[in-house]
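Inspection log for the structure reproduced underneath, given as structure tokens.
The values are calculated or read from the model by the stated rules, or taken from the named source; none is laboratory data. Since the structure is predicted, the reported quantities are computational estimates derived from the model, not experimental observations. All Cβ positions, even for glycine, are placed from backbone atoms using ideal geometry, and neighbour counts span all protein chains on display. SASA here: full protein model, heavy atoms, side chains in, ligands and nucleic acids out. Shrake-Rupley method; radii C 1.70, N 1.55, O 1.52, S 1.80 Å.
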Amino acid sequence: MIRLIVCYSIFFLSSCPLFSQYNKLVWHIKTEKDTLTKQIPDWNYTLSVGLNASFTDNRNLPGGTGDNGFSGTSAIDLYVAKPLGKFLSTNEFHYQVSFFKAGDHGSKVVKSFDNLFTLHDWSIRNSDESRWNLNFIAKISTPLIRSFEGGKLTSENSGTVYEKPGNPYDISFSPGFKCIINNKLKVSLSPYSFRFYGVTDQQIANAEIYNTGGLNETTGTYRKSITEKKGAELNIWFDWNIQERIVMEYRVDFSSKYSASIFKEGLFNGLFTTKVKLISNLYLTHRAILNGIVEQKPLKPELRQTVLLSYTMAL
């Protein structure tokens, strides 16, 4: 009996290091796997903020806006993206506001530009490596600061407000197909799109500042919004990061009317952001906003561009 107990004790003690080593090995593999998973986040967040005196150049703009001058400009760019998996999502929020003194407005400070523009692209694909996607694009554009005629921030004679949040607003939806050509270039083609344009203030609608559908003969008031079905729309994303020194983010779209082609009565819009790294997260940034008509001859698109310092960080 004593021999049996001794043999069992020797067997148990000799087995303990084996169990201990096995448990430690399993624990080590699990920790490494968890660490590897955390290194690839599902969502990426990038914020860029610019606030300084800058040089603004305006070309072919209506309303008597000054061609160029030094201005106080604030720009905010927020990117929220899910770059991996079968479901992909990119969401961009761009806001820029500029104030400056122009000769044709005397010594008063006027608002030369104020716009919040968001671009959302949601897509789904068969596999993680597929280059082709079914996608849905949504765009929203509206000002955020109240202003009067000519960009004035105050009105001496209680005049009509020309711009304020939601006045005007421009919303469009475009379902289609997207091709990821490479990590720099993506192209999306939508066979049709819908546009919702208008104002939320009845007084602004009555002033007929924007084309929101004219007079409603039934109610005797002016319409505040229009809904239209547009034709084909082509969207292009170009992103190029050169060793964290030069960053290019270009967004271009071409759209047509439902009854015509892109090259006849078609429109194009572009947002071009180029950043040159100075030190650390500080960049010299050039922003250009382009709007025009494809068939216009001679071609004179509306162009707004500014140069400013910006601070960029990944959240």
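Each residue of segment 181-195 was assigned a 3J(HN,Hα) from its phi angle through the Karplus expression (A = 6.51, B = -1.76, C = 1.60, θ = phi - 60°), giving 5, 7, 6, 9, 10, 10, 10, 10, 10, 10, x, 7, 8, 10, 10 Hz with x at Gly and Pro. With the charge dipole of segment 193-315 set up from +1 on Lys and Arg Cβ and -1 on Asp and Glu Cβ about the Cα centre, the Cα lying farthest toward the positive end among the listed residues S256, N216, I293 is that of I293. Residue by residue, segment 204-218 carries 3J(HN,Hα) couplings of 5, 5, 5, 6, 6, 6, 10, 7, 10, x, x, 7, 8, 5, 6 Hz when phi is fed to the Karplus relation 6.51 cos²θ - 1.76 cosθ + 1.60 (θ = phi - 60°); x denotes Gly or Pro.
Remark: accessible surface ordering of E302, E92 (largest first) is E302, E92, probe radius 1.4 Å. Please go through segment 120-206 and write out the GluC sites (Glu not before Pro) that DSSP classes as loop and that have at most 11 other C-beta atoms within 10 Å. Qualifying residues, ordered by number: E129, E156. Among the trypsin sites (Lys or Arg not before Pro) found in segment 255-315, those both in a DSSP coil and sparsely packed, with 16 or fewer other Cβ atoms within 10 Å of their Cβ, are K264.
I'd like the FRET efficiency for Q305 and F93, computed as 1/(1 + (r/R0)^6) with the beta carbon distance as r and R0 of 25 Å, rounded to 0.05. Computed FRET efficiency for Q305 and F93 comes out at 0.80. The calculated FRET efficiency for the pair E295 and F272, based on their C-beta separation and a Förster distance of 22 Å, comes to about 0.50.
In this view, the solvent-accessible surface of L303, computed with a 1.4 Å probe and all protein chains in place, comes to about 40 Å².
Placing one equal scatterer on every Cα of segment 144-271 and applying the Debye formula, the log10 ratio I(q)/I(0) at q = 0.17 Å⁻¹ is -0.98.
Once both labels are positioned 7 Å from their Cα atoms along Cα-to-Cβ, the gap between T154 and K86 label points is 6.1 nm. Give, as ranges by residue number, the residues of segment 207-248 whose backbone N falls under 19 Å from the point 7 Å along Cα→Cβ of Y192. Answer for segment 207-248: 226-235.
Between T218 and D128, the distance separating the two model label sites (each 7 Å from Cα on the Cα→Cβ line) works out to 5.4 nm.
Label sites at I76 and N241, each approximated as a point 7 angstrom past Cα along Cα to Cβ, lie 2.3 nm apart.
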